[in-house]
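*Asks:* One structure follows; several queries about it will come next.
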Amino acid sequence: LVVRGLDNRVYHRCYKDNVWGAWYTVLNGATCDSPAAALLENDLHIVVLGMDGSSLWHAQVQCGVDSSPAWTLVPGATFSRPALTASQSSGKLYLVVRGLDNRIWQNEYAGFWGAWTPVPTGATCDGPGTTIMASVCHIVVRGMDGNTLWHWDGTDWTLISGSTPSAPTLTS
């Protein structure tokens with residue numbers, strides 16, 4: 001569990017054997033929105049929107065361990081909360097954001113961040129949801145009308161029935 005605290009700092013705790021562990025703070029970091037988190041191997045990766053409202057920051061911690069990781073700046077910017085997912089088979093993290101141009105952008109992490117790649121079409125008014133299924137990074141976003149939901153399967157966008165006034169979350 002990773003949250004933004006009432007003091008804007010980032011906190012995490014683990015759930016193991018039906019018991020919640022202690023809360024730990026990720027030192028020297030703060031966010032103005034919900035953090036994105038993903039487990040890759042034994043490490044908890046966290047990406048947050050910086051307090052300036054557009055920068056992206058990454059920290060890597062061991063779940064359930066009090067540590068002082070270094071926050072590293074992720075090149076790029078967004079005005080919405082980021083989405084993060086992990087592929088255990090490839091050993092990579094996938095970061096998906098709404099760009100400053102409202103397009104959906106993806107980045108991969110395998111020890112270092114790569115170059116941003118735009119999803120070929122589509123736009124969103126909010127932060128995306130993302131997950132890995134069958135080695136494909138799937139994305140769900142709210143449309144530019146602020147209500148409709150769209151699914152990217154790595155090839156095409158599909159309208160999902162229903163609507164929401166909030167940013168989606170996706171998992172598999």
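*Asks:* Cα centroid distance between segment 98-172 and segment 23-51, in Å?
*Replies:* Segment 98-172 and segment 23-51 have Cα centres spaced 20 Å from each other.
*Asks:* Once the Cα gyration tensor of the chain is found, what semi-axes does its equivalent ellipsoid get, as square roots of 5 times the eigenvalues, in whole Å, sorted largest first?
*Replies:* 26, 17, 16
*Asks:* Counting only protein heavy atoms and using a 1.4 Å probe, what share of the accessible area of segment 110-157 belongs to carbon plus sulfur, as a whole percent?
*Replies:* Carbon plus sulfur share of accessible area: 60 percent.
*Asks:* Also: Taking N as the number of residues in segment 92-152, what value does Rg over Cα atoms divided by 2.2 N^0.38 Å take?
*Replies:* Here the Cα radius of gyration is 1.10 times the empirical estimate.
*Asks:* Given the Cα-Cα distance of T117 and V19 and 0.36 nm per residue of separation, how much length would full extension add, in nm?
*Replies:* Length gained, T117 through V19: 31.3 nm.
*Asks:* Leaving out ligands, DNA and RNA, and with a 1.4 Å probe, what % of the accessible surface on segment 22-85 is carbon or sulfur?
*Replies:* 52
*Asks:* Within the chain, which is the longest segment that contains none of the chymotrypsin sites (Phe, Trp or Tyr not before Pro) sitting in a DSSP loop with at most 14 other Cβ atoms within 10 Å?
*Replies:* 24-111
*Asks:* Taking the solvent-accessible surface of protein heavy atoms with a 1.4 Å probe, what is the per residue accessible area of segment 25-110 in Å²?
*Replies:* Per residue, segment 25-110 has an accessible area of 42 Å².
*Asks:* Moving to a separate point now. Find which of S90, N8, G154 sits farthest along the positive direction of the dipole of the chain, computed with +1 on the beta-carbon of Lys and Arg, -1 on that of Asp and Glu, about the Cα centre.
*Replies:* N8
*Asks:* I've got another one for you. Along the principal axes of its C-alpha atoms, what lengths does segment 9-73 span, in descending order and rounded to whole Å?
*Replies:* 38, 20, 18
*Asks:* Now, a different point. Please state the charge dipole magnitude for segment 1-65, taken about the Cα centre, from unit charges on C-beta atoms (+1 on K and R, -1 on D and E), reported in debye and rounded to the nearest 20.
*Replies:* That gives segment 1-65 a dipole magnitude of about 140 debye.
*Asks:* For a quick size check, give me the Cα extents of segment 25-106 along its three principal axes, largest first, whole Å.
*Replies:* For segment 25-106, the Cα extents along the three principal axes come out at 37, 31, 18 Å.
*Asks:* Same structure, new question: Quote to one decimal, in nm, the extra length available between L27 and D66 on full extension: 0.36 nm per residue of separation minus the C-alpha distance between them.
*Replies:* 13.1 nm
The values are calculated or read from the model by the stated rules, or taken from the named source; none is laboratory data. This one's a predicted model, so the numbers in the text were calculated from it and none came from an experiment. Neighbour counts are summed over all protein chains in view; Cβ atoms, including those assigned to glycine, are modelled from backbone coordinates with ideal geometry. Just the protein is used for accessible areas: all its heavy atoms, side chains included, with ligands, DNA and RNA removed. Shrake-Rupley method; radii C 1.70, N 1.55, O 1.52, S 1.80 Å.
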